[in-house]
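Structure, as structure tokens:
The values are calculated or read from the model by the stated rules, or taken from the named source; none is laboratory data. Fair warning: this is a prediction, and the values are worked out from it, not measured in the lab. Cβ atoms come from the backbone with ideal geometry, glycine included; neighbour counts cover every protein chain shown.
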Amino acid sequence: MNVDVVLGLQWGDEGKGKIVDYLAQKYPVIARFQGGPNAGHSLHFEDTSFVLHSVPSGIFRKDTVNVIGNGVVIDPVIFEEECRAIEMLGVPVRERLMISKRAHLILPTHRIIDAASEQAKGTSRIGSTLKGISPTYMDKTGRNGIRVGDILAPDFEERFYALKSKHLVFLQQFDYKYHPDQDQDKWMQAIDYLRQFKLIDAEYYINDCLQKEKPVLAEGAQGALLDIDFGSYPYVTSSSTTCAGACIGLGFPPSRVGRVYGIFKAYCTRVGSGPFPTELFDREGERLRERGKEFGATTGRPRRTGWLDLVALKYAVILNGVTDLIMMKSDVLDEFDTIKIATAYKVNDILTERIPYDINSPVVPAYKEFGGWKKDLTGIRLERDLPAEFASYVRFIENETGVPVRIISLGPDREQTIIRE
């Protein structure tokens, strides 16, 4: 038995929540392997809509165990608010969710450092969600962090105040106003709530599942183009968002990776700063934003929009060893007369199909145009009913990437999904 992995192939916001929720019916174990509350996985089913930030997207499926892995960073306050909101829907969160003792905790001072650092960057700011993610990962790699398992230690508060003191010294370099005890009482109360969950050695649990032939689905956050190593550096997140990150963030060997589901939108979006070669600044870009309701699930910020970037998509496919492509939000393009795909970049007057090392340098995309299908896709449930123009669009993507598009999403609801054999 292997671990199948589902992850985003663009700059995040691809629609991973819906797909994990959909796939969860086949997997008894869903495990989140990286990121933190900067993620926003939106789920829509029946008359319910919900945005998950830290909890895996299988939480609404009965008989499913959800695991927060060691690669995730957790804000106890946000975590408690999220879990209590799920409980209000009648979902027994504490029965369905387990947490790795090795996952790191986001302290209130991590969020202060995040805000102070972002302000100090001025016009060079990254576009952080200000959730304290980056400072927490910095403490993790700097061997200063506090982990979930530490909340069971008798000297936990001593460890907390020792790290807080280091943070306050670090903050002296910034011209930033804050209260040193900001949100601390609320954070400590949330720690008490966190202690009510089953805290486990998740690496043993995952590998025991594999030994018992129990399927596991590893869920990523953000997207491959935001990976700390292979993304559009420095405009990236602070963790490994690629398939290899699943092994690190859950504790299973690379030989156990099975299917890799790569999710992408039929166009592109990005939140915050950073390069975006196919970005549209005209009415077409605004139409994509309006029709796709492209506003951040976590921040509410308007997303930048543009045509599908095949150069970037092919790069993400090879980085992750994608076996199955999943195309989201195809219906957003229903009303466009002409649809474009970037097939190459012109960099310094040289045409290339590869991502340049310095993606922040001027890049001019070369496009292939397709006729629009001009038909409402949202009510279609059978592949044979899809318009020929849309089928041509899908085939081109498959031929270029060498990977089949197995799932097509035609709307936010669970039922608006076509599975292709």
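The set of residues from the range 333-346 being under 21 Å from residue 290 (Cα atoms), in contact with a Leu (Cβ under 7 Å, 6 or more places away or on another chain) and either part of a loop (DSSP other than H, G, I, E, B) or of a type in the set (S, T, N, Q) (or both) comprises just one member, 334. When residue 393 is tested against (1) of a type outside the set (A, V, I, L, M); (2) over 30 Å from residue 60 (Cα atoms); (3) buried (at least 17 other Cβ atoms within 10 Å of the Cβ); (4) touching a helix residue (DSSP H, G or I) at 6+ places or on another chain (Cβ under 7 Å), exactly one condition is not met: (4). Restricting attention to the range 347-377, the residues being farther than 26 Å from residue 226 by Cβ, touching a strand residue (DSSP E or B) at 6+ places or on another chain (Cβ under 8 Å) and not in a strand (DSSP E or B) number 1. Residues in the range 148-161 that are without any contact (Cβ under 8 Å) to a residue 60 or more places away in the chain and in contact with a strand residue (DSSP E or B) (Cβ under 8 Å, 6 or more places away or on another chain) were compared, and the one that is surrounded by the fewest Cβ atoms within 10 Å (Cβ to Cβ) is 152. Scanning the range 1-22 for residues that are assigned to a loop (DSSP other than H, G, I, E, B) and touching a strand residue (DSSP E or B) at 6+ places or on another chain (Cβ under 7 Å) yields 2, 9, 10, 11, 13, 14, 15. Is it the case that some residue within the range 302-317 is at pLDDT 95 or above, closer than 23 Å to residue 242 by Cβ and touching a Pro at 6+ places or on another chain (Cβ under 7 Å)? Checking the range 302-317: at least one residue is at pLDDT 95 or above, closer than 23 Å to residue 242 by Cβ and touching a Pro at 6+ places or on another chain (Cβ under 7 Å). Taken together, the criteria place residue 39 among residues that are of a type outside the set (D, E, K, R) and under 29 Å from residue 192 (Cβ atoms). Report, by residue number, each residue of the range 112-163 that is hydrophobic (A, V, I, L, M, F, W, C) and within 22 Å of residue 34 (Cα to Cα). Across the range 112-163, the qualifying residues are 112, 113, 115, 126, 130, 133, 138, 146, 148, 151. Out of everything in the range 396-406 that is out of contact with any helix residue (DSSP H, G or I) (no Cβ under 6 Å at 6 or more places or on another chain) and part of a helix (DSSP H, G or I), what residue ends up being surrounded by the fewest Cβ atoms within 10 Å (Cβ to Cβ)? Filtering the range 396-406 for residues that are out of contact with any helix residue (DSSP H, G or I) (no Cβ under 6 Å at 6 or more places or on another chain) and part of a helix (DSSP H, G or I), the one surrounded by the fewest Cβ atoms within 10 Å (Cβ to Cβ) comes out as 399.
Scanning the range 98-121 for residues that are of a type in the set (Val, Ile, Thr) and either in contact with a Ser or Thr (Cβ under 7 Å, 6 or more places away or on another chain) or free of Cβ contacts under 8 Å to residues at least 12 places away in the same chain (or both) gives a single hit, 106. Checking each residue in the range 32-82 for being closer than 12 Å to residue 100 by Cβ and among the basic types (Lys, Arg) picks out only 32.
Counting the residues of the range 299-333 that are in contact (Cβ under 8 Å) with a residue 12 or more places away in the chain, more than 21 Å from residue 400 (Cβ to Cβ) and surrounded by fewer than 20 Cβ atoms within 10 Å (Cβ to Cβ) gives 3.
The set of residues in the range 127-147 that are of a type in the set (Ser, Thr, Tyr) and in contact (Cβ under 8 Å) with a residue 40 or more places away in the chain comprises 128, 129, 134, 136, 137. Within the span defined as the range 235-258, every residue fails to be of a type in the set (D, E, K, R), in contact (Cβ under 8 Å) with a residue 12 or more places away in the chain and touching a Ser or Thr at 6+ places or on another chain (Cβ under 9 Å).
The sole residue among 99, 106 that is under 28 Å from residue 270 (Cβ atoms), under 20 Å from the mean Cα position of the chain (by Cα) and buried (at least 21 other Cβ atoms within 10 Å of the Cβ) is 106.
Every condition in (1) in a helix (DSSP H, G or I); (2) at pLDDT below 95 is met by residue 128 except one, and the failing one is (1). One residue stands out in the range 28-74 among those that are surrounded by fewer than 24 Cβ atoms within 10 Å (Cβ to Cβ) and aromatic (Phe, Trp, Tyr): the one that is farthest from residue 93 (Cα to Cα), namely 45. What about residue 369, is it over 24 Å from residue 279 (Cα atoms), touching a residue at least 24 places away in the same chain (Cβ under 8 Å) and in contact with a Lys or Arg (Cβ under 7 Å, 6 or more places away or on another chain)? When the stated conditions are applied, residue 369 does not pass them.
In the range 218-270, the residue that is surrounded by the fewest Cβ atoms within 10 Å (Cβ to Cβ) out of those that are aromatic (Phe, Trp, Tyr), at pLDDT 95 or above and closer than 28 Å to residue 280 by Cβ is 230.
Of all the listed residues (380, 418, 341), the sole one being farther than 24 Å from residue 227 by Cα, crowded, with 19+ Cβ neighbours inside 10 Å and touching a strand residue (DSSP E or B) at 6+ places or on another chain (Cβ under 6 Å) is 418.
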